[in-house]
Amino acid sequence: MMIDAEIQETFIGEILNEFEAYYYKVEMPKVRQKVAEFKQEMGDWGKCKRLSYLYDRLFEVDAELEDRLRKYKRAIEDDSLYIERALIASRIPEIEKEIKKLETEIGFIVHSPKSNKITPEMIERAREYPFENLVEVKKGMGLCPFHDDHNPSMGIKNNYYHCFGCGAKGDVISFVMKRDGLSFKDAVKMLSSTI
């Protein structure tokens, strides 16, 4: 006996929703607890090792960017073929994006807030955090992390998102809360400390 395709799709959707609810309510808190225990066990040593790695990587990437910019300038001066200049410049945006991510993480570690209180200024800074640092955005669209998205279905405009596939929507704070399983306070602290 063949199951009607619509019934089968509904059944699969219900199973996926149950799995997602289980994952965010049961498994994510366990993972977060283990990470918190590990961080406490590692203490400042773990932060120092991570910062050391991040700074080393930042210097490597920064040197690569300078080298590519120098080569590109030389190619323009030598009136090289367009394809040669394009090959040199093709990785520059990718390198700049990696530098921005490294600097953001370094800032988060170095300037992590010590207080448990959040202020209206912190909330405002968090709301201004650029979505482009959280998901890859092309022409105002990105892949939605809340469902199996192969083609960008999440619209991003004025630092708000709306997924036309699963219906998820909100501002940058609610996005981080849902994606990372954070409380409002933790999401605000994370976003406001990285600007």
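Could you list, in sequence order, all residues of the range 159-182 that are assigned to a strand (DSSP E or B), touching a His at 6+ places or on another chain (Cβ under 8 Å) and open to solvent by 50 Å² or more (accessible area, probe 1.4 Å)?
Passing the criteria: only Lys169.
Pairs please, first residue from the range 14-40 and of a type outside the set (Ser, Thr, Tyr), second anywhere and modelled with pLDDT under 75, Cβ atoms under 7 Å, 6+ apart in sequence or on different chains.
Cβ pairs passing all conditions: Lys39/Gly46.
Any residue in the range 80-96 that is touching a residue at least 12 places away in the same chain (Cβ under 8 Å) sitting within a Cβ distance under 7 Å of a residue that is hydroxyl-bearing (Ser, Thr, Tyr)? List the pairs, counting only those 6 or more apart or interchain.
Arg85/Tyr72; Ile88/Tyr72; Ala89/Tyr72
Within the range 99-158, restricting attention to residues that are β-branched (Val, Ile, Thr) and in a helix (DSSP H, G or I), which residue is modelled with the lowest pLDDT?
Looking at the filtered set, the residue picked out is Val110.
Checking Lys185 against (1) surrounded by fewer than 15 Cβ atoms within 10 Å (Cβ to Cβ); (2) of a type in the set (D, E, K, R); (3) not in a helix (DSSP H, G or I), only one condition comes out false. Which one?
The one condition Lys185 does not meet is (3).
The values are calculated or read from the model by the stated rules, or taken from the named source; none is laboratory data. Only a predicted model underlies this, so the values are computations on that prediction, with no experimental measurement involved. Please note: Cβ atoms are built from the backbone with ideal geometry, for glycine as well, and neighbour counts cover all protein chains shown. For accessibility, only protein heavy atoms count, side chains too; no ligands or nucleic acids. Shrake-Rupley method; radii C 1.70, N 1.55, O 1.52, S 1.80 Å.
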